[in-house]
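The values are calculated or read from the model by the stated rules, or taken from the named source; none is laboratory data. Here the structure is a predicted model, which means the values were calculated and not measured. Every residue, glycine among them, receives a Cβ derived from its backbone with ideal geometry; neighbour counts consider all protein chains shown.
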Amino acid sequence: MTGRNLPPLSLHVPEPAFRPGDTVDFADFEMPVAGAVRRPPIDASPRDVRDMAYAMVRVLDDEGRAQGPWDPRLAPETLLKILRSMALTRAFDERLYRAQRQGKTSFYMKCTGEEATSVGAAHALDYDDMCFPSYRQQGLLIARDWPIVDMINQIYSNRADRLKGRQMPIMYSVRQANFFSISGNLTTQYPQAVGWAMASAARGDTRIAAAWCGEGSTAEGDFHSALTFAAVYRAPVILNVINNQWAISSFSGFAGAEATTFAARAIGYGIAGLRVDGNDALAVYAATQWAADRARNNHGPTLIEHFTYRAEGHSTSDDPSKYRSAEEGGKWPLGDPIARLKKHVIGLGIWDEERHAAMDLEVAELVKAAQKEAEKNGILQDGLKQSFDSMFEDVFEEMPWHLKEQSAQMHDERKAAGI
Amino acid sequence: MTGESRTMNMIQAINSAIDVAMGRDEKIVVLGEDVGYFGGVFKATEGLQKKYGKTRVFDTPISECGIIGVAVGMATYGLRPVPEIQFADYIYPALDQLVSEAARLRYRSAGEYTAPITVRTPFGGGIFGGQTHSQSPEGIFTHVAGLKTVIPSNPYDAKGLLIAAIEDNDPVIFFEPKRIYNGPFDGHYDRPVQPWSKFAESAVPDGHYTVPLGKARVVREGNDVTVLAYGTMVHVAHSVIQETGVDAELVDLRTLVPLDIETVVESVKKTGRCMVVHEATKTSGFGAELSALVQEHCFHWLEAPVQRVTGWDTPYPHSLEWAYFPGPVRLTEAFKRVMQD
């Protein structure tokens, strides 16, 4: 354009603060004060809680004391149950990660450092509330006391795998525990959770739905469709965004974190948005409880951003030291969720180091025993697999001619080949 | 049971199907853009909101991904959603929810969860709709394991097939040939449309009945060549058969997946020749599948190569719509080719 004296345009491509080899310093991180954020009434209008999307609900302070209006004041047995579920989740992850490294299965994903975001939420929901998880919510099943041997059977795709070896490891489906079938396609569960919640409301039910996705996949269209529908129909649903800072090798800036918070996505849709310390199990519990009460009383949906850190790689298929500084996890300013709750219950005088060590041993033994039990039904590689016929089942309720024909062809070809 | 018959066009028959199904099963819900108070841009859901209430028939945001995603969630809850996608051309934002979710839910959860949803969507051209209101994307869905694809060609079948689809426990894509909503189309765009009331298939029972999925219909028996068609093209082909006097057997497939292979094979073995007709683009279209199946099952009976008469491999044009549309000129030439050898 003539007559203009402007510099050429430049494209901004986000870059994380730290790459491999960098010294990590979170000095710029403004640590929100535990207990400082107000707790609005559950019938507050979304417009009146906009500030909550930029604040951060924290209950546990650095000394492990519960502070402020969000303290859920849980009974000792509930606190210890949450602690144990998180410890069991971590022990489960460690052992199954190793099983993958030993060649017993093809793939595994840990949720290390993020245990509170599932376990804390599960305890604040009713058992019959419907969960639409992403792939890192194993803590939901563990918190709901689902047998871990069944989870391991799925991870091994063995004879006892109820999913008949059809899904990659950790893509559980547990209808009995009100846990939806996990999809590898990201955030497809978000509009589904909204639809389930709409159905519950339309039928005059009392149950609500909850969904989880990562901060990276908030960029998917499904996320935005889900928020639109949730807002329009005031669906009784809790939409959790686990902001663990990393989507495989892409930091949260590639989902928009440089410009705003993920909780603030709610504001444009007219939904209540909360941002919580995802490494604080009590804050997660309290926020979930607030959102659940809100939903159950017909005040509509809540988006909760859980600010946390993915302490390990995305999965067994990537090496995080290739794209981020190895120091990040250790220096994460919000600490570790298990260590923080442990400090809290010790401070309350209902727990001690000795019992904690005994619990760690107990859960490790529990996982070991479950693994041994599962291996009686085989591991991925040892030939103890599902029947070949099962490959053609469940595509449709009744098998149509073309699948019968293909099944017969498979058998004929294998027979001809002498296998 | 089925009660009296009335004369209905396809829209009325589809409306009646949903009405009858909703009256029998309170779990059936209808959702989509403009389907509620207004009754849909083609009026297929007219009066249903008034009759069944806003929580069973409701308008949605303009988000096909959301419509189908929400429908899958509602099905998980235990409802039987019948979403409308206003034009088949708009269905692509919903592909992930259809292909990766609805189609595979039963399989990936080993039957724990299912998606008994029926997606209704008007498709096909001949209405000067240009490239965004004329497409025939059925081949995209027939390629997906776990989806059923149904296409009616007249009011009687439309109602019976739609009720069967809604009562089916698998996800069904129900394509409605919008060119023939008000009357069959003989392919001569310059002639006035004949209303359905002049044709026997417009006699539609008021009550409940089904036309089973997976069963084709022999529209016209013949001995020299088998014509496989569905939707609007059934009528175009029928008209050309009558005009040319060729002794063709015309098969209306009605369901593409699962296909009625027996009827197809029986007919081709009798005639020894086969022509496949659809409006969708040619390459990787459903006609390619039909052609391959005929060759696999009837090779020794074939006296000539299978002829495909389809839309050209271009986007659907606006002003040149009738040069794109596989109409009487192209069908007549194809009949000459298939009868030549």
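Considering only residues of region A:225-247 that are of a type in the set (Phe, Trp, Tyr) and outside any strand (DSSP E or B), which is farthest from A:Asp319 (Cα to Cα)? If you could, list the steps in order and put the result at the bottom.
Start the filter on region A:225-247 by keeping residues that are of a type in the set (Phe, Trp, Tyr), which leaves A:229, A:233, A:246.
In the following step, the residues that additionally are outside any strand (DSSP E or B) were identified as A:229, A:233.
Working: A:Phe229: 38, A:Tyr233: 42 Å.
The selected residue is A:Tyr233.
Within region A:183-212, track down each residue that is buried (at least 23 other Cβ atoms within 10 Å of the Cβ), more than 8 Å from chain B (Cβ to nearest Cβ) and in contact with a Pro (Cβ under 9 Å, 6 or more places away or on another chain).
Once the filter is applied, which keeps residues that are buried (at least 23 other Cβ atoms within 10 Å of the Cβ), more than 8 Å from chain B (Cβ to nearest Cβ) and in contact with a Pro (Cβ under 9 Å, 6 or more places away or on another chain), region A:183-212 yields A:Gln189, A:Ile208, A:Ala210, A:Ala211, A:Trp212.
Restricting attention to region B:107-117, and to residues there that are over 21 Å from B:Gly32 (Cα atoms) and among the small types (Gly, Ala, Ser), which single residue is surrounded by the most Cβ atoms within 10 Å (Cβ to Cβ)?
Ranking the candidates gives B:Ser109 first.
Restricting attention to region B:318-334, does a residue exist that is at negative phi and within 18 Å of the chain's Cα centre (by Cα)? Even if it seems obvious, please write down each step before you answer.
Keep residues of region B:318-334 that are at negative phi, which gives B:318-334.
Still in the running and within 18 Å of the chain's Cα centre (by Cα): B:325-326.
The answer is yes, given that some residue of region B:318-334 is at negative phi and within 18 Å of the chain's Cα centre (by Cα).
If I go through region B:157-195 residue by residue, how many of them are among the hydroxyl-bearing types (Ser, Thr, Tyr) and either buried (at least 24 other Cβ atoms within 10 Å of the Cβ) or more than 13 Å from the chain's Cα centre (by Cα) (or both)? Outline the logic, then answer.
To start, the set of residues in region B:157-195 that are among the hydroxyl-bearing types (Ser, Thr, Tyr) comprises B:181, B:189.
Filter once more, keeping what is either buried (at least 24 other Cβ atoms within 10 Å of the Cβ) or more than 13 Å from the chain's Cα centre (by Cα) (or both): B:189.
Here the count works out to 1.
If we scan region A:51-63, do we find a residue that is closer than 24 Å to A:Gly270 by Cα and among the hydroxyl-bearing types (Ser, Thr, Tyr)?
For region A:51-63, residues closer than 24 Å to A:Gly270 by Cα and among the hydroxyl-bearing types (Ser, Thr, Tyr): present.
Filter region B:111-145 down to the residues that are farther than 14 Å from B:Glu101 by Cα and of a type in the set (Gly, Ala, Ser), then identify the one that is farthest from the other protein chains (Cβ to nearest Cβ).
Filtering region B:111-145 for residues that are farther than 14 Å from B:Glu101 by Cα and of a type in the set (Gly, Ala, Ser), the one farthest from the other protein chains (Cβ to nearest Cβ) comes out as B:Gly126.
Take B:Lys198 and decide whether it is of a type in the set (Lys, Arg) and either buried (at least 21 other Cβ atoms within 10 Å of the Cβ) or outside the structural domain of B:Glu33 (by TED's automatic domain parsing) (or both).
On the way: of a type in the set (Lys, Arg): yes; either buried (at least 21 other Cβ atoms within 10 Å of the Cβ) or outside the structural domain of B:Glu33 (by TED's automatic domain parsing) (or both): no.
Spelling it out, it is not the case that B:Lys198 is of a type in the set (Lys, Arg) and either buried (at least 21 other Cβ atoms within 10 Å of the Cβ) or outside the structural domain of B:Glu33 (by TED's automatic domain parsing) (or both).
Filter region B:81-106 for residues that are out of contact with any Pro (no Cβ under 8 Å at 6 or more places or on another chain), over 19 Å from A:Ala199 (Cα atoms) and within 10 Å of chain A (Cβ to nearest Cβ); which is surrounded by the fewest Cβ atoms within 10 Å (Cβ to Cβ)?
Step by step, filter region B:81-106, then rank; the result is B:Ser100.
For (1) surrounded by fewer than 20 Cβ atoms within 10 Å (Cβ to Cβ); (2) β-branched (Val, Ile, Thr); (3) closer than 22 Å to A:Thr187 by Cβ; (4) in contact with a Ser or Thr (Cβ under 9 Å, 6 or more places away or on another chain), each residue gets a yes or a no:
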position	(1), (2), (3), (4)
B:Gly3	yes, no, no, no
B:Ile14	no, yes, no, yes
B:Val30	no, yes, no, yes
B:Tyr37	yes, no, no, no
B:Ala44	no, no, no, no
B:Gly47	yes, no, no, no
B:Gly53	yes, no, no, no
B:Pro61	yes, no, yes, yes
B:Thr76	no, yes, yes, yes
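Return the residues of region A:16-38 that are within 24 Å of A:Pro320 (Cα to Cα), surrounded by 10 or more Cβ atoms within 10 Å (Cβ to Cβ) and charged (D, E, K, R); say none if nothing qualifies.
Applying the first criterion (within 24 Å of A:Pro320 (Cα to Cα)) to region A:16-38 yields A:16-29.
With the extra rule that they be surrounded by 10 or more Cβ atoms within 10 Å (Cβ to Cβ), the set shrinks to A:16-20, A:22, A:24-26, A:29.
Within region A:16-38, A:Arg19, A:Asp22, A:Asp25 meet the criteria.
Being touching a Pro at 6+ places or on another chain (Cβ under 8 Å), more than 14 Å from every other protein chain (Cβ to nearest Cβ) and more than 24 Å from B:Cys65 (Cα to Cα), is that true of even one residue in region A:256-267?
Filtering region A:256-267 for residues touching a Pro at 6+ places or on another chain (Cβ under 8 Å) gives A:258, A:266-267.
Those still in the list that are more than 14 Å from every other protein chain (Cβ to nearest Cβ) too: A:258, A:266-267.
From what is left, the residues that are more than 24 Å from B:Cys65 (Cα to Cα) are A:258.
Checking region A:256-267: at least one residue is touching a Pro at 6+ places or on another chain (Cβ under 8 Å), more than 14 Å from every other protein chain (Cβ to nearest Cβ) and more than 24 Å from B:Cys65 (Cα to Cα).
In this structure, is A:Ile346 in a loop (DSSP other than H, G, I, E, B), more than 30 Å from B:Val257 (Cα to Cα) and either within 14 Å of another protein chain (Cβ to nearest Cβ) or among the β-branched types (Val, Ile, Thr) (or both)? If you could, list the steps in order and put the result at the bottom.
On the way: in a loop (DSSP other than H, G, I, E, B): no; more than 30 Å from B:Val257 (Cα to Cα): yes; either within 14 Å of another protein chain (Cβ to nearest Cβ) or among the β-branched types (Val, Ile, Thr) (or both): yes.
So A:Ile346 fails the test.
Please report, ordered by residue number, the strands (runs of 3 or more DSSP E) entirely within region B:155-230 with at least 1 residues that are under 30 Å from B:Val338 (Cα atoms) and touching a residue at least 24 places away in the same chain (Cβ under 8 Å). Spell out the reasoning first.
Numbers: elements: B:172-177, B:203-205, B:217-220, B:225-229.
Per the criteria, B:172-177, B:217-220, B:225-229.
In the same structural domain as A:Gly64 (by the TED database) and in contact (Cβ under 8 Å) with a residue 60 or more places away in the chain: is that true of A:Leu303 in this structure? Write out each step before concluding.
Working: in the same structural domain as A:Gly64 (by the TED database): yes; in contact (Cβ under 8 Å) with a residue 60 or more places away in the chain: yes.
In short, yes.
Residue under question is B:Thr314, and the condition is that it be in contact (Cβ under 8 Å) with a residue 24 or more places away in the chain, in the same structural domain as B:Ala237 (by TED's automatic domain parsing) and assigned to a helix (DSSP H, G or I); does it hold?
No: the conditions fail for B:Thr314.
Starting from residues that are among the β-branched types (Val, Ile, Thr) and within 18 Å of B:Ile67 (Cα to Cα), keep the ones in region B:118-140 and report whichever is surrounded by the fewest Cβ atoms within 10 Å (Cβ to Cβ). Steps first, please.
The initial filter retains those residues of region B:118-140 that are among the β-branched types (Val, Ile, Thr), namely B:118-119, B:121, B:127, B:132, B:140.
Restricting the remaining residues to those that are within 18 Å of B:Ile67 (Cα to Cα) gives B:118-119, B:121.
Numbers: B:Thr118: 29, B:Val119: 28, B:Thr121: 22.
That would be B:Thr121.
On the given criteria, is A:Ala416 within 30 Å of B:Glu167 (Cα to Cα) and more than 13 Å from every other protein chain (Cβ to nearest Cβ)? Lay out the reasoning, then the answer.
Numbers: within 30 Å of B:Glu167 (Cα to Cα): no; more than 13 Å from every other protein chain (Cβ to nearest Cβ): yes.
Considered against the rule, which asks whether it is within 30 Å of B:Glu167 (Cα to Cα) and more than 13 Å from every other protein chain (Cβ to nearest Cβ), A:Ala416 comes out as no.
For region A:169-182, what are the residues that are more than 10 Å from chain B (Cβ to nearest Cβ) and out of contact with any Lys or Arg (no Cβ under 6 Å at 6 or more places or on another chain)?
Of the residues in region A:169-182, the ones more than 10 Å from chain B (Cβ to nearest Cβ) are A:169-170, A:177-178.
Matches in region A:169-182: A:Pro169, A:Ile170, A:Asn178.
Does region A:387-396 contain any residue that is away from chain B (no Cβ under 14 Å), of a type outside the set (Lys, Arg) and touching a helix residue (DSSP H, G or I) at 6+ places or on another chain (Cβ under 8 Å)? Break it down stepwise before answering.
Our first condition is that a residue be away from chain B (no Cβ under 14 Å); within region A:387-396, this holds for A:388.
Next, only the ones that are of a type outside the set (Lys, Arg) stay: A:388.
If we keep only those that are touching a helix residue (DSSP H, G or I) at 6+ places or on another chain (Cβ under 8 Å) too, we end up with A:388.
Taking every residue of region A:387-396 in turn, at least one turns out to be away from chain B (no Cβ under 14 Å), of a type outside the set (Lys, Arg) and touching a helix residue (DSSP H, G or I) at 6+ places or on another chain (Cβ under 8 Å).
Looking for whichever is in a helix (DSSP H, G or I), among the charged types (D, E, K, R) and at pLDDT 95 or above here; the options are B:Arg120, B:Arg106. Which one fits? Spell out the reasoning first.
On the way: B:Arg120 fails: in a helix (DSSP H, G or I).
Selected residue: B:Arg106, the only one of B:Arg120, B:Arg106 that is in a helix (DSSP H, G or I), among the charged types (D, E, K, R) and at pLDDT 95 or above.
Yes or no, residue by residue, for (1) in contact (Cβ under 8 Å) with a residue 60 or more places away in the chain; (2) more than 26 Å from B:Tyr209 (Cα to Cα); (3) in a helix (DSSP H, G or I):
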residue	(1), (2), (3)
B:Ser16	yes, no, yes
B:Tyr37	no, yes, no
B:Gln49	no, no, yes
B:Cys65	no, yes, yes
B:Gly69	no, yes, yes
B:Met74	no, no, yes
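Go through region A:91-128 and give me each residue that's within 16 Å of A:Ala295 (Cβ to Cβ) and crowded, with 22+ Cβ neighbours inside 10 Å.
Selection gives A:Ala121, A:Ala122, A:Ala124, A:Leu125.
If the requirement is being in the same structural domain as A:Val149 (by the TED database), over 30 Å from A:Tyr156 (Cβ atoms) and at pLDDT 95 or above, which of these qualifies: A:Arg39, A:Arg90, A:Arg58, A:Arg98? Explain how you work it out, then say what you get.
On the way: A:Arg39 fails: in the same structural domain as A:Val149 (by the TED database); A:Arg90 fails: over 30 Å from A:Tyr156 (Cβ atoms); A:Arg98 fails: over 30 Å from A:Tyr156 (Cβ atoms).
Checking each option against the conditions leaves just A:Arg58.
What tally of residues in region B:291-302 results from selecting those that are assigned to a loop (DSSP other than H, G, I, E, B) and either surrounded by fewer than 14 Cβ atoms within 10 Å (Cβ to Cβ) or free of Cβ contacts under 8 Å to residues at least 24 places away in the same chain (or both)?
Residues of region B:291-302 that are assigned to a loop (DSSP other than H, G, I, E, B), as a first pass: B:302.
Those still in the list that are either surrounded by fewer than 14 Cβ atoms within 10 Å (Cβ to Cβ) or free of Cβ contacts under 8 Å to residues at least 24 places away in the same chain (or both) too: none.
Of the residues in region B:291-302, 0 are assigned to a loop (DSSP other than H, G, I, E, B) and either surrounded by fewer than 14 Cβ atoms within 10 Å (Cβ to Cβ) or free of Cβ contacts under 8 Å to residues at least 24 places away in the same chain (or both).
Which of the numbered conditions does A:Asp318 fail, given that it passes all the others? Conditions: (1) surrounded by fewer than 18 Cβ atoms within 10 Å (Cβ to Cβ); (2) at pLDDT 95 or above.
Status for A:Asp318: all satisfied but (2).
Do any residues in region A:330-341 that are more than 12 Å from A:Thr112 (Cβ to Cβ) have Cβ atoms under 6 Å from those of residues that are of a type in the set (S, T, N, Q), where the two are at least six apart or on different chains, and which pairs are they?
As it stands, the answer is A:Leu334/A:Asn279; A:Gly335/A:Asn279, since those pairs meet every condition given.
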